[in-house]
Amino acid sequence: MKLKPEYFEAIVYLFEKRNGSILDDFQLDLINKFGEIKSQTDNEIIDNIIANLESNLYNKELRNSAYWSLSKLNKDELIPQFQKWLRQEFEKRNATEVYQLSIALNNLGERVFSKSSTAV
């Protein structure tokens, strides 16, 4: 199932909630607005997003949203996928997507940014 663009923000909040974050009313309302997502397990959502990414169903904007959503899971098993997509986006010179994937990898302990940098 191709996820609608407006689902990704709700997915981010859903993953954050499942990770123990406290959400505000706006975030909770957005999750409830797309109730069909709420009933899916993390793995079902992950599998769906990955299948859509691998099938090239998403344009740049949606790929970036998909990467952002997946990055909220803090799952080490996504590292190979993030690395693969990072190489693909780098080859296409898609700076925003490269940055999003770099943040995702860095948050999972993969050194992407220089230790000596003061920028991040």
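The values are calculated or read from the model by the stated rules, or taken from the named source; none is laboratory data. Not measured: the values here are computed from a predicted model. Please note: Cβ atoms are built from the backbone with ideal geometry, for glycine as well, and neighbour counts cover all protein chains shown. For accessibility, only protein heavy atoms count, side chains too; no ligands or nucleic acids. Shrake-Rupley method; radii C 1.70, N 1.55, O 1.52, S 1.80 Å.
Show the residue pairs that are 6+ apart or on different chains and have beta-carbon atoms under 6 Å apart, the first residue being within segment 2-17 and closer than 16 Å to residue 41 by Cα, the second being part of a loop (DSSP other than H, G, I, E, B) and among the basic types (Lys, Arg).
12/72; 15/72; 16/72
Residue check: is residue 115 open to solvent by 30 Å² or more (accessible area, probe 1.4 Å), on the phi < 0 side of the Ramachandran plot, among the charged types (D, E, K, R) and outside any helix (DSSP H, G or I)?
Numbers: open to solvent by 30 Å² or more (accessible area, probe 1.4 Å): yes; on the phi < 0 side of the Ramachandran plot: yes; among the charged types (D, E, K, R): yes; outside any helix (DSSP H, G or I): yes.
Criteria met by residue 115.
Return only the number of the condition from (1) in contact (Cβ under 8 Å) with a residue 60 or more places away in the chain; (2) polar (S, T, N, Q); (3) out of contact with any Phe, Trp or Tyr (no Cβ under 7 Å at 6 or more places or on another chain) that residue 65 does not satisfy.
Only one criterion in (1) in contact (Cβ under 8 Å) with a residue 60 or more places away in the chain; (2) polar (S, T, N, Q); (3) out of contact with any Phe, Trp or Tyr (no Cβ under 7 Å at 6 or more places or on another chain) is unmet by residue 65, namely (3).
Per-residue answers, yes or no, for (1) free of Cβ contacts under 8 Å to residues at least 40 places away in the same chain; (2) within 21 Å of residue 19 (Cβ to Cβ):
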{"position": "73", "(1), (2)": "no, yes"}
{"position": "81", "(1), (2)": "yes, yes"}
{"position": "94", "(1), (2)": "yes, no"}
{"position": "114", "(1), (2)": "yes, no"}
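Kindly indicate whether any position in segment 47-61 is surrounded by 14 or more Cβ atoms within 10 Å (Cβ to Cβ), assigned to a helix (DSSP H, G or I) and in contact with an Asp or Glu (Cβ under 9 Å, 6 or more places away or on another chain).
No, segment 47-61 contains no residue that is surrounded by 14 or more Cβ atoms within 10 Å (Cβ to Cβ), assigned to a helix (DSSP H, G or I) and in contact with an Asp or Glu (Cβ under 9 Å, 6 or more places away or on another chain).
Of all residues in segment 7-43, which are surrounded by fewer than 12 Cβ atoms within 10 Å (Cβ to Cβ) and not in a helix (DSSP H, G or I)?
19, 20, 21, 22, 24, 39, 41
Of everything in segment 41-72, what is of a type in the set (S, T, N, Q) and in contact with a Lys or Arg (Cβ under 7 Å, 6 or more places away or on another chain)? Give them in sequence order.
Here is the first cut: in segment 41-72, the ones of a type in the set (S, T, N, Q) are 41, 43, 48, 52, 55-56, 59, 64-65, 69, 71.
Passing the criteria: only 52.
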